[in-house]
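*Asks:* Sharing a structure with you now.
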Amino acid sequence: MANKIQILPVSISSRIAAGEVIERPASVIKELLENSLDAKATQIEVWAEAGGKELIRVADNGDGLLPDEAALAFERYATSKIREEEDLERIDTFGFRGEALPSIAQISRVTLTSRSRSGKADRDVSNPDSGVRVQFSGGEFQGETRVPSTEGTEITVTDLFFNTPVRRKFLRGDETEGRHIFQLVTKVALSNPEVGFRLCLDGKEVILAPARKDLKERVADLLGEKETAKLLPVDYEVSSHRVTGFCGAPDLQKSSSQSIYTWVNRRVITDRILIRSLADGYGMMLAKGKYPMAVLFLQVPPGEVDVNIHPAKLEVRFRNPGLVHHLVKRAVELALGRAFPETASAGISLNPEDLQKSGRDGAVYPAGSSFRETAVPFLSGTVPRPVSQELFRREKREGFFNSLKVIGQLKGTYILCQSERGLVIIDQHAAHERISFARLSENWSRASGELEELLIPVNLELRYDQARLLSEVLPTVRRLGMEVEPLGGNSFLVRAVNRRLLSAGYEAILQDILEELSLLPNPDALVEGNLEPVIARMACHGSVQAHRVLDRGEMESLLEELQEVEQSPFCPHGRPVFFEITEEELEKRFRRT
Ligand code: ADP
Ligand code: MG
């Protein structure tokens, strides 16, 4: 009896293998585009007819092939990209297995025409011997000729799946296949802005993307000016994992994930973790069932990602999915926070215990570590003020400032009030500074003052020397009113700040603090004696600037607070906070006496 188990003839097995790489016309184009990019092309044109079922043509101006290389390129495992095993670890090309061309040739009819850049210094395009042409049909070599050619490579694929009728039957309509091609070329073009692309479907030009220096211009070419104007830059890095690109403003909501474009190490990857993390970054800004728009490039160390789980390399497996989730989510939060600082500073105050308990993650995220994110409610408006804040509020007592009657504001800068003795003019900036100074001093003397958690922590990139100093003085800075978390390198995250510092420029404050601290003989041991200049500089940042229109309520609470803080008539810079013109003085001026 014949053996039940038989080894398939190569003619069948190679067609099965080819089918795994080539699923549909768009997969052919993907492989051909990657080859063109690997060949350093700067201009690539794609034509497809009947959704690519009848004809696919990709032409590039890349390195090209020498006459004796052309047929060889269609041999299995024929590649110019790796020579020895060690090369596998430093692959910087898309292809390396030498599988694409033989696979495509196996299941279609292919014509390759090419002329190498490294060929003879023969500039004559019409020279009948300048290029080479090879043809294959169903994996069979059909012939090789010399032809005139420009530099670069043109590959034409016709009758896709002609010899695998089952595969052919599974293809969708021309429209659908055409859409897949359109999507694919869009993705490839998005990730290669410096290369010009053109796509024609059934003779109609549907993509024209000239070579660009700037990613944003390329995005505008492909996704439209209007939506591109609403994209926010993303750039964030943790533990050698980096994400760059753009995410849409929160009002740019889509009902499918089709406007989310993601890459991992330059490969187009559609990964659920990435989409999920992105949506998590928007939190409650994203309506249920809606998706944001995004163009995100992930760069991760090669050992951290396995691209080989999917034959067409469309899916990946991350070694540390928790880190990837954190990275993308935080990157989006930061981008939104930068674009809409009002939302970022609408922080929620937590009492000091909560803040301590909330389990900050460490700076490094080793593989396999898990994260605990503090859940931060979205809007502070509906959240009741914690009791602890009331405890700190001093008892209201009648004093000079809170007995003043507000008359109005002058030039957005001065508050005019009626006092018992006459007219009081308050410099609102100096007053604010005075209050900030007092509050920040309180923060210091209470040792674990109450800080307000930022809705969206703010990422800071400091100079090397500043970063080193900051790492040493984090507890001091916390006591001064800023909770900062080191992220490794020169990156830090501002997590929570004294209420007085909300919506101030955190980077500038930190730089001021660091500058003051660096003047001390022992920056780590800031003491009461040399505290004042540091706090004075911080107070300056946290204060309302002049020329801000205040309503009556705001002016009244300013007076209330001014009363609460220690009654020194000078702001920390020595400028007076107010002066008074008595009734007698007024009478004198009007010569009423
Ligand atoms: P791989 O890309 O994995 O090396 P392929 O089967 O895709 O394998 O291509 C085989 C070889 O043919 C490549 O290594 C390259 O040397 C050559 N080649 C393919 N396409 C092009 C092109 N457009 N321009 C120049 N050389 C090409
Ligand atoms: Mg290839």
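The values are calculated or read from the model by the stated rules, or taken from the named source; none is laboratory data. If you're wondering where the values come from, they're calculated on a predicted model, not measured in any experiment. Every residue, glycine among them, receives a Cβ derived from its backbone with ideal geometry; neighbour counts consider all protein chains shown. Accessible surface is based on the protein model in full, side chains and every heavy atom, while ligands, DNA and RNA are left aside. Shrake-Rupley method; radii C 1.70, N 1.55, O 1.52, S 1.80 Å.
*Asks:* Would you mind getting the accessible area per residue of the range 104-229, heavy atoms of the protein chains only, 1.4 Å probe, in Å²?
*Replies:* Working: 6520 Å² over 126 residues.
Here the per-residue accessible area is 52 Å².
*Asks:* What percent does the relative contact order of the range 156-217 come to when contacts are Cα pairs within less than 8 Å and at least six residues apart?
*Replies:* Details: 49 pairs, mean separation 13.5, N = 62.
The normalised contact order for the range 156-217 reaches 22 percent.
*Asks:* Less than 10 Å Cβ to Cβ from Asp159, Lys/Arg counted +1 and Asp/Glu -1: what total charge do the surrounding residues give?
*Replies:* On the way: positive: Lys53, Arg109, Arg168; negative: Glu54.
In short, +2.
*Asks:* How charged is the neighbourhood of Pro292? Take every other residue with its Cβ under 14 Å from the Cβ of Pro292, and add Lys/Arg as +1 and Asp/Glu as -1. Let's see the in-between values first.
*Replies:* Numbers: positive: Lys230, Lys254, Arg276, Lys288, Lys290, Lys329; negative: Glu227, Asp251, Asp280, Glu333.
Net local charge, Pro292 excluded: +2.
*Asks:* Need one number: % antiparallel among DSSP beta bridges in the range 256-331, to the nearest 5.
*Replies:* Working: 4 of 9 bridges.
Of the beta bridges lying entirely in the range 256-331, close to 45 percent run antiparallel.
*Asks:* Over the range 30-78, what is the relative contact order in percent, taking alpha-carbon pairs closer than 8 angstrom and at least six residues apart? Write down the numbers at each step before the final one.
*Replies:* Details: 44 pairs, mean separation 15.7, N = 49.
That works out to 32 percent.
*Asks:* Quick check for you: with a 1.4 Å probe and neighbouring chains kept, what is the accessible area per residue of the range 266-335, in Å²?
*Replies:* Details: 2980 Å² over 70 residues.
On a per-residue basis, 43 Å².
*Asks:* A further question on this structure: Could you do me a favour and compute the accessible area per residue for the range 2-66, 1.4 Å probe, result in Å²?
*Replies:* Values: 2990 Å² over 65 residues.
About 46 Å² of surface per residue is accessible.
*Asks:* Related question: Cα to Cα, under 19 Å, and not fewer than 8 places away if on the same chain: which lysines meet these conditions relative to Lys53?
*Replies:* Lys30, Lys169, Lys204
*Asks:* Let me ask you something else. Using a basic spin-label model with each label point 7 Å from the Cα along Cα→Cβ, how many nm lie between His547 and Asp306?
*Replies:* Placing both labels 7 Å along Cα→Cβ, they lie 6.0 nm apart.
*Asks:* Which percent of the accessible heavy-atom area of the range 104-234 goes to carbon and sulfur, probe 1.4 angstrom? Kindly include the intermediate steps, with their values, before the conclusion.
*Replies:* Numbers: 3340 of 6710 Å².
Its accessible area is 50 percent carbon and sulfur atoms.
*Asks:* Which FRET efficiency value, to the nearest 0.05, do you get for Lys169 and Asp129 by plugging their Cβ-Cβ distance into 1/(1 + (r/R0)^6) with R0 = 35 Å?
*Replies:* Working: r = 43 Å, r/R0 = 1.23.
Once the sixth-power term is evaluated, E becomes 0.20.
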